[in-house]
Amino acid sequence: MRESDEQYRLLFEGNPVPMWVFDRKTLRFIAVNEAAIRQYGFARQEFLAKTITEIRPEQDIPGLLQDIAKRTLGLEARGIWRHRKKNGELIDVEIVSHPLDFHGVKSMLVAAQDITERKRAEDAVRQAEEKYRGIFEDAVIGIFQATPDGRLTNVNRAHARMHGYESPEEMMAEVSNVARDLSVDPNRMLELAHGVRRNGIVRGAEVEVYRKDGSKKWVRVNLRAIHGADGDVALFDGTVEDITEHKAAQERMKFLAFYDALTELPHRALLQDRLDTALAGARRRGEKVAVLFLDLDRFKAINDSFGHSFGDCVLKEIARRLKECTREHNTVARVGGDEFLILLSNVKDAADAAIAAERVFEAINAGFTVQGRSLSVGCSVGVSIFPEHGADGETLIRNADAAMYSVKDSGRNSVRFFTDEMNAQAVERVTMDKNLRQALERKEFFLVYQPQLDIESGKITGFEALIRWNHPELGLICPDRFISIAENNGLILPIGEWVLRTACSQARRWQDEGLCPVPVAVNVSAVQFRQEAFRDLIRKVLQETGLAPEYLELELTETLLLSNAGVTLSVLQELKKMGLKLSIDDFGTGYSSFSYLRHFCVDKLKIDQTFIQDVVSKRDDAAITIAIISLAKSLHIKVIAEGVENESQMFFLREHRCDQIQGHYFSKPVQADEAAAMLQSEQGFGAAEERRSPRLDAIDGLRCAAGD
C-alpha cells in the first residue's frame with residue numbers, strides 16, 4: 001500500500017496537467033495537485049474547502065450536475081467546460097474524468113487542461129474562414145482561383161454571373177482553361193501569368209473576355225501568385241471587375257477629344273493638325289492645298305420648323321454625303337452648328353479645287369428625305385488655296401470663311417473663291433472693335449445671373465454671372481458674336497475686369513442687404529488668365545468690393561488648363577491659397593484628360609449642355625454624363641450639369657447623383673434684382689413652414705417618382 005501510495009503521489013502530484021479528486025456525493029474537493037494550484041491560483045487548503053461548483057460560472061452549474069449524475073464506467077472524456085480562477089478570470093478547459101474509490105469514498109478523478117488560447121485561436125480561424133467565405137460569396141466583384149495550367153478551382157457567384165453562368169459550379173464545369181475559353185486574346189492571359197510568376201502580382205490589367213453566349217466584355221484583373229511548400233506557384237488568386245461601360249465611356253471620351261459627337265467627323269483641333277501636316281508636305285513637294293468652308297443656308301429655319309432632333313438627322317446626312325463625295329485622303333470636319341470645313345490635299349491647281357467644290361455643292365443641293373419629309377438644303381461654300389490665299393492654316397481657314405460670307409451676302413447657295421477684294425470680315429472686325437470700345441465707355445454692357453441649385457434640397461448654391469451687350473442700334477448682341485473678337489483684339493481684358501468687378505460688387509451688395517451669402521461664378525478668358533497681373537487683379541477687386549474670396553468662383557475651360565500646364569498649375573495653386581473656388585466649364589467638349597484633374601485643385605466640373613440636351617434619349621450622351629459624374633465623385637469634386645431644361649433630364653441627373661444643376665428648367669438668367677428676390681424668397685421659405693419654394697416642390701416630385 002505504501003508503494004502504491006507513493007506511485008499515486010508521483011503520478012498525481014507530479015503530473016504537469018492540473019488534476020483533482022472530488023466526492024461525487026458532496027462535490028467537495030478531496031485532493032488537488034500542484035499543477036491545479038498553479039493554474040487556478042487557490043492554495044491547497046482553499047481548494048479543499050470548496051466544491052467543484054465554486055469554480056464554475058453560475059449559469060454552467062445545472063449542466064455540471066446533470067453530467068455528474070450520468071452513470072459512468074471507466075475513463076470518459078467530458079468535453080470542454082468553463083472554469084473560474086481565483087482572480088475571476090474565466091478559462092476554457094478540456095476535462096477528462098474517471099470514477100474511482102478514493103479511500104472508501106465514491107469519487108471522481110479529473111484532469112483539466114487549459115485550452116483557452118487554443119480555443120481562441122480556433123475561434124479566430126473559424127471566424128476568419130467564415131468572414132472570408134462571406135466576402136468571397138457575397139462580393140460584388142468577381143473572385144477566382146486557378147491552377148497554373150488554367151483550371152478554375154474556386155469561383156464566386158459574381159464572377160460566374162459576370163461571364164453569363166448561372167452558378168460557380170456551372171462555370172467551373174464548362175471552363176477547363178481560362179486563357180483558351182475566356183480570353184479574347186489568349187496570349188494576353190499568358191502574359192499576365194508570366195508577369196505574376198516574375199513579380200508575384202499584377203494589378204489593374206485590362207482584359208477583353210468572352211461570356212457564355214459568346215459576347216464580349218472588358219474586365220479589370222488583379223492577380224497574385226500563391227506558392228506551395230516547394231516554392232513553385234500552386235495557384236493564381238485573382239479579382240475581376242466589369243469595366244465594359246467604363247471602357248466604352250472612356251473610349252467615347254477619347255473619340256470626342258478629336259471628333260464631333262453628332263456627325264463623328266473630325267472637329268477643328270484634328271483638322272488643324274491634318275492641315276498643318278498637309279501644308280508641310282505641300283511645301284516640300286511644291287503642291288497646292290485647298291480649304292473649303294461650307295455653311296448650310298437657312299438651317300435655323302429647319303430647326304425652328306421641325307425641331308432640333310430633326311435638324312440633327314439632317315446634319316448626319318450632310319456629314320455622310322460630304323464623306324462620300326471627297327477622297328479618302330482628304331478631311332471633312334464639323335467646326336460649328338451647321339458649318340463644315342473640307343481639307344483637299346494634293347491639289348494640282350485652282351480648277352482641280354473648283355471641281356471638288358462643285359461636287360460638294362451638288363451633293364448638298366440634292367434632295368433630302370428625312371423622317372419621311374422631303375426637303376432641300378442649300379449651302380454657301382468659300383474656297384481658299386495654298387499658297388495663293390495664305391501661307392498657314394489659320395489664314396487659309398479665315399479666308400475661306402470670308403469667301404463663304406461673301407456668298408451669303410450675295411444671295412447664298414453658291415461657291416466662291418477668296419479674292420483680295422473680300423475684306424468684309426476685316427471691315428466687320430474693325431466695326432465691331434469700335435463698337436466694343438464704345439460699349440465700355442457708354443456702359444452698354446450689363447450682367448444677368450443664372451442660379452445654380454443643389455439637386456437634393458433645391459436650394460440656390462450660387463449664381464453664374466453672364467455678360468450681355470445692349471447696342472443702341474443693333475439691339476441685344478449675344479456673347480458668341482463679340483467675345484472671340486474681344487479676345488483677338490485685347491478688349492477682353494478691360495471687359496473681363498468690368499465683369500469681375502461688377503459681379504463681385506453685386507455679390508457683396510446682396511450680402512449687405514442681409515441675403516444669404518452665395519458664391520458668384522465668373523467666366524475667365526484664356527487671354528485674361530495668361531496675364532501676369534491676373535492674380536493681382538483678383539486681389540484688388542476682392543479688396544475694393546469687400547467680397548470674401550470664398551464667394552468668388554472662377555470658371556475655366558479645359559483648353560486653358562491644358563495649355564502650358566506647368567504655369568497654369570502654379571497660378572491655380574496661388575488662386576486656391578487665396579480662398580477662391582475653381583470650376584472647369586463645358587467639361588467633356590475639349591481635350592478631356594483624366595490625368596490633369598489629379599493635379600489641378602478644382603472644386604467643380606460643369607457638364608456641357610450638349611451632353612445634357614439628349615442625355616435621356618441617347619446612350620452615348622448618357623454614358624458620358626455618367627462617366628463624368630463618377631469621375632468627379634471618385635476625385636471628391638462637385639459636379640454641376642448646365643442646360644437642364646426638362647424634368648426627364650432632372651430625374652436622370654438626380655438618379656445618377658449629380659450634385660447641382662443650372663438651366664431654364666428652374667430659371668433663365670435674370671437681372672440682379674430678380675436674383676435678389678430669389679434669395680429673399682428662399683430665406684422666407686426657410687422661416688415659414690407653411691410656404692414652400694416651387695423648386696422644392698419640383699425636387700420632392702422627383703423624389704416621389706424615384707421612390708425615395
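At a glance:
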quantity: Residues being under 27 Å from the mean Cα position of the chain (by Cα) and open to solvent by 20 Å² or more (accessible area, probe 1.4 Å) - total across the range 159-180; calculated: 3
quantity: Cross-chain or 6+ apart pairs with Cβ under 6 Å, the range 435-459 first and on the phi > 0 side of the Ramachandran plot, then open to solvent by 20 Å² or more (accessible area, probe 1.4 Å); calculated: GLY458/ARG695; GLY458/LEU696
quantity: The range 232-259 - residue that is of a type in the set (Asp, Glu) and touching a helix residue (DSSP H, G or I) at 6+ places or on another chain (Cβ under 8 Å) and, of those, nearest to ASN177 (Cα to Cα); calculated: ASP242
quantity: Strands (runs of 3 or more DSSP E) enclosed by the range 336-408 - at least 3 residues per element that are open to solvent by less than 20 Å² (accessible area, probe 1.4 Å), in contact with a strand residue (DSSP E or B) (Cβ under 7 Å, 6 or more places away or on another chain) and within 18 Å of ARG268 (Cα to Cα); calculated: 339-347, 379-386
quantity: Filter pass, VAL615 being in a loop (DSSP other than H, G, I, E, B), touching a residue at least 12 places away in the same chain (Cβ under 8 Å), in contact with a Phe, Trp or Tyr (Cβ under 7 Å, 6 or more places away or on another chain) and not acidic (Asp, Glu); calculated: yes
quantity: Residue among ALA677, ALA698, ALA622 that alone is small (Gly, Ala, Ser), at pLDDT below 90 and outside any strand (DSSP E or B); calculated: ALA698
quantity: Every residue from the range 435-457 that is surrounded by fewer than 20 Cβ atoms within 10 Å (Cβ to Cβ), under 18 Å from PRO669 (Cα atoms) and not acidic (Asp, Glu); calculated: PHE445, PHE446, VAL448
quantity: Strands (runs of 3 or more DSSP E) contained in the range 414-523 and holding at least 1 residues out of contact with any Lys or Arg (no Cβ under 7 Å at 6 or more places or on another chain), at pLDDT 95 or above and among the aromatic types (Phe, Trp, Tyr); calculated: 445-454, 460-471
quantity: Pair list, Cβ under 8 Å, 6 or more apart: the range 524-550 residue open to solvent by 30 Å² or more (accessible area, probe 1.4 Å) and part of a helix (DSSP H, G or I), other residue β-branched (Val, Ile, Thr) and at pLDDT below 95; calculated: VAL527/ILE492; ARG535/VAL571
quantity: Residue in the range 321-332 that is open to solvent by 30 Å² or more (accessible area, probe 1.4 Å) and of a type in the set (Ser, Thr, Tyr) present; calculated: no
quantity: Tabulated pairs, the range 234-255, first assigned to a loop (DSSP other than H, G, I, E, B), second at pLDDT below 85 and open to solvent by less than 60 Å² (accessible area, probe 1.4 Å), C-beta under 9 angstrom, 6+ apart or interchain; calculated: ILE243/GLN250
quantity: Index of the failed condition, GLN660 passing every other in (1) among the polar types (S, T, N, Q); (2) touching a Leu at 6+ places or on another chain (Cβ under 7 Å); (3) surrounded by fewer than 18 Cβ atoms within 10 Å (Cβ to Cβ); calculated: (3)
quantity: Positions within the range 490-523 being under 24 Å from GLU558 (Cβ atoms), open to solvent by 20 Å² or more (accessible area, probe 1.4 Å) and of a type outside the set (A, V, I, L, M, F, W, C), in sequence order; calculated: GLY490, GLU497, PRO519, ASN523
quantity: Total residues in the range 627-648, condition open to solvent by 10 Å² or more (accessible area, probe 1.4 Å), outside any helix (DSSP H, G or I) and within 13 Å of GLY663 (Cβ to Cβ); calculated: 4
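The values are calculated or read from the model by the stated rules, or taken from the named source; none is laboratory data. Predicted model only: the values in this text are computed from it and were never measured. Cβ: placed from backbone, ideal geometry, glycine included. Neighbour counts: every protein chain shown. Side chains are part of the model used for accessible areas, which takes the heavy atoms of the whole protein and leaves out ligands, DNA and RNA. Shrake-Rupley method; radii C 1.70, N 1.55, O 1.52, S 1.80 Å.
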